[in-house]
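The values are calculated or read from the model by the stated rules, or taken from the named source; none is laboratory data. Treat the numbers as computed from the prediction; the structure is a model and nothing was measured. Please note: Cβ atoms are built from the backbone with ideal geometry, for glycine as well, and neighbour counts cover all protein chains shown. Side chains included, ligands, DNA and RNA excluded: accessible areas come from the protein's heavy atoms. Shrake-Rupley method; radii C 1.70, N 1.55, O 1.52, S 1.80 Å.
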Amino acid sequence: MHDFMSWMQGSALGHFMRESGPWTYAIVNLSHILGVASLFGPLLVLDLRLLGLWRRIPLAALAGPIVPVAALGFAVASTTGVGLLATNATDYVGNPFIFIKFPAIALGLINVLALNRSPAWQARGVRELSRTENRQLAMMGGISLACWLTAITAGRMIGYW
Ligand code: HEM
């Protein structure tokens, strides 16, 4: 762990983050938060729909704009996150919140894969879903909320350790 963090800190990205002026970290941090907001905002609406709210709004209609915005948000959050980490990576060695945040992100991504592959999700906009399928979607919506809320909370807490 320490070796990896030292390598990150000494990388070209780490040098760039520390030595390219006082605004670099601030702008990358702001972009990280905008990425997180663009990921979580749309997902919150989708997850609540999967949990059973707003049943009259077709899932396919909601998923259309939500999926690309959330995917872009994730791409921005993860690229800027690597920059934030590289700035002073060794400071995070022993910080327990990184061991909560990254597994929560990994689990959230596994849940996205599982949702994508589920017959219930693939049938959206094609046919009526059964009660069992609606329950499966609700479970994945709940897992998604838990994962991303945990990642956000742990991400916020990292700086306070
Ligand atoms: C590869 C992906 C990511 C990496 C490497 C990463 C890394 C980091 C780092 C190093 C910080 C600064 C901690 C500090 O010293 O204060 C941070 C902050 C934060 N991250 Fe991430 N992050 C990633 C993705 C995400 C995602 C997907 C989320 C949300 C689901 C997230 C949520 C947050 C939050 C809420 C903060 C606090 C920002 C603040 O208070 O200014 N991060 N992240």
Estimated Rh, the chain: Kirkwood, alpha-carbon pairs, angstrom: 17.2
statement: Ranked by GNM mean-square fluctuation in the chain (Cα springs under 10 Å), the top entry among Phe97, Phe74, Phe16 is Phe16
task: Measure nothing fancy, just the Cα-based angle from helix 131-158's long axis to the longest principal axis of the chain, in degrees from 0 to 90, nearest 10.
output: 20
query: In degrees from 0 to 90, rounded to the nearest 10, what is the angle of the helix 98-117 Cα long axis to the longest principal axis of the chain?
result: 30
- request: Report the far tail of the P(r) of the range 1-68, meaning the percent of Cα-Cα pairs longer than 19 Å.
  value: 57
task: Just the Kirkwood number for the range 47-107, please: inverse of mean 1/r across all distinct Cα pairs, in Å, one decimal.
output: 14.4
- request: May I ask which residue of Met5, Ile105, Ala89 lies farthest towards the positive end of the charge dipole of the chain, with charges of +1 (Lys, Arg) and -1 (Asp, Glu) on Cβ and the Cα centre as origin?
  value: Ile105
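Counting heavy atoms of the protein chains only and a 1.4 Å probe, report the per residue accessible area for the chain as a whole number of Å². Don't skip to the answer; put the middle values down first.
Values: 9500 Å² over 161 residues.
Heavy-atom SASA per residue in the chain reads 59 Å².
About its Cα centre, how strong a charge dipole does the chain have in debye, to the nearest 20, once Lys and Arg get +1 and Asp and Glu get -1 at the Cβ?
On the way: 11 positive and 6 negative charges, 149 e Å.
The dipole of the chain has a size of about 720 debye.
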The range 91-144 versus the range 41-78: alpha-carbon centroid distance in Å: 12
- request: Compare the Cα positions of Trp121, Met17, Ala146 along the charge dipole of the chain (+1 at Cβ of Lys, Arg; -1 at Cβ of Asp, Glu; about the Cα centre) and return the one farthest towards the positive end.
  value: Trp121
Computed helical MRE - 222 nm, the chain, DSSP H runs ≥ 4 contributing -39500 (n - 2.57), nearest 500: -26500 deg cm²/dmol
query: His2: accessible area at probe 1.4 Å, nearest 10 Å²?
result: 100
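Would you work out the relative contact order for the range 13-161, in percent, from Cα pairs under 8 angstrom that are 6 or more residues apart? Could you put the intermediate results ahead of the total?
Numbers: 146 pairs, mean separation 49.9, N = 149.
Relative contact order, the range 13-161: 33 percent.
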statement: Rounded to the nearest 10 Å², the 1.4 Å probe accessible area of Arg156 is 140
